[in-house]
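Q: Quick one: the structure is below, and I'll ask about it shortly.
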Amino acid sequence: MKSPIAPLLLSDPRAIATADVDCLVIGSGTAGVTTAIELADRGLRVAILEAGPLVLTEHVGSGPFANREDIVPGIHDLVRYRTVWTSGAEAAKAHAGKVETNNNAWSVVGGRTLFWGGFTPRFLDSDFADWPHDADEMRPWYERAEKLIGASGGSATGAAAPFMHHAAQDRLLARLGAKGIPATNAPLGIDTLAVHDGHMSRGFDSSVSRLLRCPHFGRIENGARLSLAAETEVTKLVVDGGLVRRLAVRDRATGRTFDIPARQVVLAGGAVQSTRLALASGLGDGDPLVGRYMGDHLFRQAVFCLPEPIGEKALYIFIPPTAERPFHVQMQGMFPETWYSPLHATVWLNGNASGRFVLFYCFGVSKAEREGRLVLRDDAGAMADYYVVNDRSPGDLAALAAMSTFTTDVAAALGAELVRTEENGPGAALHEYGGLRMGLDPSASVTDPDGRFWRIGNLGCADAAIWPQQGSANSYLTITALALRNAARLAETMATAK
Ligand SMILES: Cc1cc2nc3c(=O)[nH]c(=O)nc-3n(C[C@H](O)[C@H](O)[C@H](O)COP(=O)(O)OP(=O)(O)OC[C@H]3O[C@@H](n4cnc5c(N)ncnc54)[C@H](O)[C@@H]3O)c2cc1C
């Protein structure tokens with residue numbers, strides 16, 4: 001699938017192999033692009049290797065496709081593959097390839113940033129309890145990340161006005177508040193600054209549009225400091241003497257395989273793929289924690305029918321988590337009737353003022369357990385040749401029961417009928433984390449507090465694979481903030497080493 005614009009933007013991976021690149025970044029989602037731009041801004045020469053093709057140059061909801069429910073699933077299908085999350089009891093069947101695929105993954109320039117739903121809450125301060133960083137350490141990086149992605153409607157001082165805010169929404173917020181359920185406008189990764197004096201709205205944040213706007217970005221053949229090769233899948237990190245010496249890559253367009261010499265490498269394939277690549281490269285041989293402590297949010301969804309239309313076509317409400325209630329709620333409307341699908345996460349832009357139905361999503365903290373793990377299948381070679389084993393702990397089951405009760409409570413507070421509700425399995429939230437957990441103690445973690453492998457001198461990870469635990473907040477903003485922090489630290493270290 002070759003876009004005619006691709007030759008203007010993309011580099012030949014063989015040109016990257018012969019260029020003098022300071023750092024290779026694997027993956028072009030928010031983790032990879034945030035890292036690469038920060039390193040390039042600090043003077044380093046960076047190349048991104050992305051397995052997927054270039055399909056869109058901005059988020060699917062920022063352009064003409066926003067309201068095209070008939071076309072958007074087809075765009076997903078160009079770059080989507082199916083994966084397996086399973087229970088411990090079914091692991092042997094999954095290993096034999098006898099468990100049906102039940103989850104989605106995406107491989108494309110921009111990764112999931114082309115399709116994400118835009119919701120950008122921060123972690124609560126208490127969510128960092130198991131991290132090597134506390135909330136004070138993360139706060140400035142959250143602020144930078146919010147500016148970078150053009151976030152709006154958050155709780156930070158000076159946050160841009162919420163994307164979704166009107167009197168009808170205020171009335172629903174008041175109805176919830178009156179029943180003891182404090183709710184707010186939604187924080188979103190959507191630029192709401194006025195289109196004025198040279199500022200064009202950037203719409204939904206997407207790493208691909210962020211990359212294309214970056215003045216350092218161009219073709220490596222033309223001497224650009226920041227470049228990207230698409231359809232270039234890294235199949236193995238070749239490690240020798242405690243360092244990654246080369247990356248084995250496959251050019252998906254031609255099927256040819258070759259090596260790219262490595263000075264410094266950052267994994268940013270998303271938590272699952274970064275972990276899978278580490279295992280496929282033999283990094284689990286000397287470290288039994290590689291691939292462990294992998295989890296995903298608890299996820300319940302529902303549809304409510306309000307007693308009357310609110311007279312506005314769109315609303316977006318957030319019920320934040322509390323220390324006692326480790327889950328949050330997102331509500332979107334108004335619809336004639338519909339059901340959430342990851343293939344149209346921006347459906348709420350396409351509401352209907354006479355609709356009475358509201359989509360309800362409840363995401364809850366699931367603590368990472370050692371038994372939550374990624375396993376390679378025997379024939380592992382391709383990106384889909386793995387399964388994730390994840391069982392709900394007693395704590396998870398209690399939280400899921402509380403989420404179910406809360407769903408009924410929120411419907412009742414709004415005077416709405418609960419039309420349908422369902423619990424989704426592990427992996428369905430698409431907020432996976434762990435596998436390469438960071439920590440202060442090398443014997444209890446894979447990576448250090450800056451996301452660098454304890455046992456491999458020139459390898460780091462920028463995505464949620466390094467998170468030891470999660471908050472209930474959706475992952476995008478925290479991935480971006482931590483990637484910024486760790487890239488700044490890496491640039492400092494590399495400058496000192498030069
Ligand atoms: C439909 C949908 C809705 C969502 N809504 C929200 C939301 O509202 N709020 C929120 O916070 N989060 C949301 N998320 C989740 C969020 O998008 C992800 O958590 C986040 O974007 C992950 O970013 P990442 O950079 O870690 O990984 P990804 O975006 O997955 O990017 C990784 C990239 O690396 C590439 N890659 C992997 N392995 C290799 C390899 N070996 N060689 C070369 N390339 C490789 C992949 O092809 C991929 O393109 C949503 C996700 C989806 C799909």
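The values are calculated or read from the model by the stated rules, or taken from the named source; none is laboratory data. Quick caveat: nothing in here was measured; it's all calculated off a predicted structure. Cβ coordinates were reconstructed from backbone atoms using ideal geometry, including for glycine residues, and neighbour counts include every protein chain displayed. Each accessible area value is taken on the protein alone, full model and side chains, heavy atoms only, with ligands, DNA and RNA left out. Shrake-Rupley method; radii C 1.70, N 1.55, O 1.52, S 1.80 Å.
Q: Kindly list the number of the only condition in (1) in contact with a Phe, Trp or Tyr (Cβ under 7 Å, 6 or more places away or on another chain); (2) assigned to a loop (DSSP other than H, G, I, E, B); (3) within 16 Å of the ligand (Cβ to nearest atom) that fails for GLY355.
A: Of (1) in contact with a Phe, Trp or Tyr (Cβ under 7 Å, 6 or more places away or on another chain); (2) assigned to a loop (DSSP other than H, G, I, E, B); (3) within 16 Å of the ligand (Cβ to nearest atom), only one is false for GLY355: (3).
Q: Residue pairs, Cβ under 8 Å, 6 or more apart or interchain, first in segment 321-343 and closer than 16 Å to ASP396 by Cα, second more than 13 Å from the ligand (Cβ to nearest atom) and aromatic (Phe, Trp, Tyr). List them.
A: Once the first residue is closer than 16 Å to ASP396 by Cα and sits in segment 321-343, its partners that are more than 13 Å from the ligand (Cβ to nearest atom) and aromatic (Phe, Trp, Tyr) give PRO321/PHE327; ARG325/PHE406; PHE327/PHE406.
Q: Looking only at segment 58-113, which residues are among the polar types (S, T, N, Q) and either open to solvent by less than 60 Å² (accessible area, probe 1.4 Å) or at pLDDT below 95 (or both)? Explain how you work it out, then say what you get.
A: Start the filter on segment 58-113 by keeping residues that are among the polar types (S, T, N, Q), which leaves 62, 67, 83, 86-87, 101-104, 107, 113.
If the condition is that a residue be among the polar types (S, T, N, Q) and either open to solvent by less than 60 Å² (accessible area, probe 1.4 Å) or at pLDDT below 95 (or both), then SER62, ASN67, THR83, THR86, SER87, ASN103, ASN104, SER107, THR113 are the ones that fit.
Q: Evaluate segment 115-124: report whether one residue or more is outside any loop (DSSP other than H, G, I, E, B) and free of Cβ contacts under 8 Å to residues at least 60 places away in the same chain. Before the answer, list the steps.
A: The initial filter retains those residues of segment 115-124 that are outside any loop (DSSP other than H, G, I, E, B), namely 119.
So of that shortlist, the ones also free of Cβ contacts under 8 Å to residues at least 60 places away in the same chain come out as none.
Among the residues of segment 115-124, not one is outside any loop (DSSP other than H, G, I, E, B) and free of Cβ contacts under 8 Å to residues at least 60 places away in the same chain, which makes the answer no.
Q: How many of the residues making up segment 375-430 are more than 27 Å from THR83 (Cα to Cα) and of a type in the set (Asp, Glu)?
A: Total satisfying the criteria: 2.
Q: Across segment 1-20, what is the number of residues that are more than 12 Å from the ligand (Cβ to nearest atom), at pLDDT 95 or above and not charged (D, E, K, R)?
A: So the first thing to find is which residues in segment 1-20 are more than 12 Å from the ligand (Cβ to nearest atom), and the list is 1-12, 14-20.
Those still in the list that are at pLDDT 95 or above too: 9-12, 14-19.
If we keep only those that are not charged (D, E, K, R) as well, we get 9-11, 15-19.
Counting residues in segment 1-20 that are more than 12 Å from the ligand (Cβ to nearest atom), at pLDDT 95 or above and not charged (D, E, K, R) gives 8.
Q: A follow-up question, please. What are the residue pairs meeting all of these: first residue in segment 49-77, first residue among the small types (Gly, Ala, Ser), second residue open to solvent by 60 Å² or more (accessible area, probe 1.4 Å), Cβ atoms under 7 Å, and 6 or more apart or on different chains?
A: ALA51/ARG252
Q: If ARG122 meets every condition in (1) surrounded by 23 or more Cβ atoms within 10 Å (Cβ to Cβ); (2) touching a strand residue (DSSP E or B) at 6+ places or on another chain (Cβ under 6 Å) apart from one, which number is that one?
A: (2)
Q: Can you name every residue in segment 292-351 that is small (Gly, Ala, Ser) and closer than 21 Å to ASP205 by Cβ?
A: Within segment 292-351, ALA314, ALA345 meet the criteria.
Q: Identify, from the list ALA151, ALA168, ALA194, ALA129, the residue that is surrounded by 18 or more Cβ atoms within 10 Å (Cβ to Cβ) and hydrophobic (A, V, I, L, M, F, W, C). Break it down into steps so the answer makes sense when it comes.
A: Working: ALA168 fails: surrounded by 18 or more Cβ atoms within 10 Å (Cβ to Cβ); ALA194 fails: surrounded by 18 or more Cβ atoms within 10 Å (Cβ to Cβ); ALA129 fails: surrounded by 18 or more Cβ atoms within 10 Å (Cβ to Cβ).
Criteria check complete, one pass: ALA151.
Q: When segment 284-313 is examined, which residues are found to be touching a helix residue (DSSP H, G or I) at 6+ places or on another chain (Cβ under 6 Å) and open to solvent by less than 30 Å² (accessible area, probe 1.4 Å)?
A: VAL290, GLY291, LEU298, ARG300, ALA302, PHE304, ILE310
Q: Does segment 1-20 hold any residues that are open to solvent by less than 30 Å² (accessible area, probe 1.4 Å) and β-branched (Val, Ile, Thr), and which are they?
A: ILE16
Q: On to the next question. Just give me the residues in segment 91-114 being more than 7 Å from the ligand (Cβ to nearest atom) and among the charged types (D, E, K, R), in sequence order.
A: Selection gives LYS93, LYS98, GLU100.
Q: Now a separate question. If you scan segment 388-416, which residues turn out to be farther than 15 Å from LEU172 by Cα, open to solvent by 60 Å² or more (accessible area, probe 1.4 Å) and either in a helix (DSSP H, G or I) or in contact with a strand residue (DSSP E or B) (Cβ under 9 Å, 6 or more places away or on another chain) (or both)? Let's see the steps before the verdict.
A: As a first pass, look at segment 388-416 and keep what is farther than 15 Å from LEU172 by Cα: 388-408.
Imposing the further condition that a residue be open to solvent by 60 Å² or more (accessible area, probe 1.4 Å) reduces the set to 391, 394, 397-398, 405, 408.
Listed by number, the residues that qualify are PRO394, LEU397, ALA398, THR405, THR408.
Q: Next question. Can you spot a residue in segment 138-148 that is part of a helix (DSSP H, G or I), under 22 Å from GLY74 (Cα atoms) and within 15 Å of the chain's Cα centre (by Cα)?
A: If we filter segment 138-148 for residues that are part of a helix (DSSP H, G or I), which is where we start, we get 138-148.
Add one more test, that the residue is under 22 Å from GLY74 (Cα atoms), and what stays is none.
Scanning segment 138-148 turns up no residue that is part of a helix (DSSP H, G or I), under 22 Å from GLY74 (Cα atoms) and within 15 Å of the chain's Cα centre (by Cα).
Q: Separate question: How many residues, within segment 56-85, are within 13 Å of the ligand (Cβ to nearest atom) and hydrophobic (A, V, I, L, M, F, W, C)?
A: 6
Q: In segment 27-55, which residues are within 15 Å of the ligand (Cβ to nearest atom) and open to solvent by 20 Å² or more (accessible area, probe 1.4 Å)?
A: Answer for segment 27-55, where residues must be within 15 Å of the ligand (Cβ to nearest atom) and open to solvent by 20 Å² or more (accessible area, probe 1.4 Å): ILE37, VAL55.
Q: Quick one: what pairs do we get from segment 97-108, first residue under 19 Å from PRO426 (Cβ atoms), second away from the ligand (no atom under 15 Å from the Cβ) and outside any loop (DSSP other than H, G, I, E, B), C-beta under 6 Å, 6+ apart or different chains?
A: Close Cβ pairs (under 6 Å, with a partner that is away from the ligand (no atom under 15 Å from the Cβ) and outside any loop (DSSP other than H, G, I, E, B)) amount to VAL99/VAL84; VAL99/THR86; VAL99/GLU90; VAL99/LYS93; THR101/VAL84.
Q: Given the conditions (1) open to solvent by less than 20 Å² (accessible area, probe 1.4 Å); (2) closer than 30 Å to GLN301 by Cα; (3) in a strand (DSSP E or B), report the number of the one that GLY460 does not fulfil.
A: (2)
Q: Moving to a separate point now. Go through (1) within 22 Å of ALA380 (Cα to Cα); (2) buried (at least 20 other Cβ atoms within 10 Å of the Cβ); (3) away from the ligand (no atom under 13 Å from the Cβ) one by one and return the number of the condition CYS23 breaks.
A: It is condition (1) that CYS23 fails.
Q: Since GLY242 meets every condition but one in (1) at positive phi; (2) surrounded by 19 or more Cβ atoms within 10 Å (Cβ to Cβ), which condition does it not meet?
A: (2)
Q: Kindly establish whether LEU436 is in the same structural domain as PHE123 (by TED's automatic domain parsing), more than 13 Å from the ligand (Cβ to nearest atom) and of a type in the set (A, V, I, L, M). Break it down stepwise before answering.
A: Values: in the same structural domain as PHE123 (by TED's automatic domain parsing): yes; more than 13 Å from the ligand (Cβ to nearest atom): no; of a type in the set (A, V, I, L, M): yes.
Answer is no for this residue.
Q: Identify, by number, the condition in (1) at pLDDT 95 or above; (2) away from the ligand (no atom under 16 Å from the Cβ); (3) of a type in the set (D, E, K, R); (4) not assigned by TED's automatic domain parsing to the domain that holds THR322 that GLU231 doesn't meet.
A: Looking at each condition in turn, GLU231 falls short on (2).
Q: With within 12 Å of the ligand (Cβ to nearest atom), within 29 Å of ALA497 (Cα to Cα), of a type in the set (Ser, Thr, Tyr) and under 18 Å from the mean Cα position of the chain (by Cα) as the only criterion, which of SER274, SER206, SER281 stands out?
A: Working: SER206 fails: within 29 Å of ALA497 (Cα to Cα); SER281 fails: under 18 Å from the mean Cα position of the chain (by Cα).
So the residue among SER274, SER206, SER281 that is within 12 Å of the ligand (Cβ to nearest atom), within 29 Å of ALA497 (Cα to Cα), of a type in the set (Ser, Thr, Tyr) and under 18 Å from the mean Cα position of the chain (by Cα) is SER274.
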